[in-house]
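**Q** Before anything else, here's the structure in question.
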Amino acid sequence: GVLAWTFFANSATMATGASVDNAALLKNVAFPRVILPFATVLFNLIQYLLTISIFLPVMLLWYRVPLSAVMALFFVFLVLQVMFTAGISLVLAACTAFFRDTRHLLEVGLAVMFWTTPILYQVNQLPEPIKLAIYLSPMSSFIIAYQRLFYFHQAPELSVWLIAAAYAVGVFVIGLKW
């Protein structure tokens, strides 16, 4: 959960500077501006995959976590998370071009999102009224899916699939349009 969160948070944070920090480049060279936020997501995705490639074998061997067929669903949720993260990055890059305080507001938003995302706790430990709020937190469906796949060796529930797909596709489309 922490690795997936770090990928998202670093991509979002770096995206706030994608357009503003490269203003000279944007003024002098004609290329699609959408490339800069995508580059930040791709950079962080490569770091995430490198970290996973080291952490996963350690987890499997050291903690004696057995391989299971449902772990292959990780790649489906990874694609959904990349779509979601790219969409958020596009929106944040555009917002920062007009509102420089976006970076500072993002820091506060990420802090709130961290605690409303079940990274350090499991959703099934929470009372029912709080569960709905946690499920609706944007990163929760991805983290819950990763917990189900690697810790419980189960496929995520249909609701987790639907929420993750809705966030991924919805935010990606909004980001492209924005």
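**Q** Might you check whether a residue that is farther than 22 Å from TYR151 by Cα, out of contact with any strand residue (DSSP E or B) (no Cβ under 6 Å at 6 or more places or on another chain), assigned to a helix (DSSP H, G or I) and open to solvent by 90 Å² or more (accessible area, probe 1.4 Å) occurs anywhere in segment 88-103?
**A** So far as segment 88-103 goes, yes, one or more of its residues are farther than 22 Å from TYR151 by Cα, out of contact with any strand residue (DSSP E or B) (no Cβ under 6 Å at 6 or more places or on another chain), assigned to a helix (DSSP H, G or I) and open to solvent by 90 Å² or more (accessible area, probe 1.4 Å).
**Q** For segment 124-138, what are the residues that are under 19 Å from the mean Cα position of the chain (by Cα), of a type in the set (A, V, I, L, M, F, W, C) and open to solvent by 40 Å² or more (accessible area, probe 1.4 Å)?
**A** Selection gives ALA133, LEU136.
**Q** Got a sec? Which helices (runs of 4 or more DSSP H) wholly within segment 1-73 have at least 3 residues that are at pLDDT 95 or above and open to solvent by less than 50 Å² (accessible area, probe 1.4 Å)?
**A** Ranges flagged: 2-15, 35-62.
The values are calculated or read from the model by the stated rules, or taken from the named source; none is laboratory data. As the structure is a computational prediction, the values presented were derived from the model and not from experiment. FYI the Cβ positions are ideal-geometry reconstructions off the backbone, even for glycines, and counts take in every protein chain you see. Remember, those area values only see protein heavy atoms, side chains included, never the ligands or the DNA or RNA. Shrake-Rupley method; radii C 1.70, N 1.55, O 1.52, S 1.80 Å.
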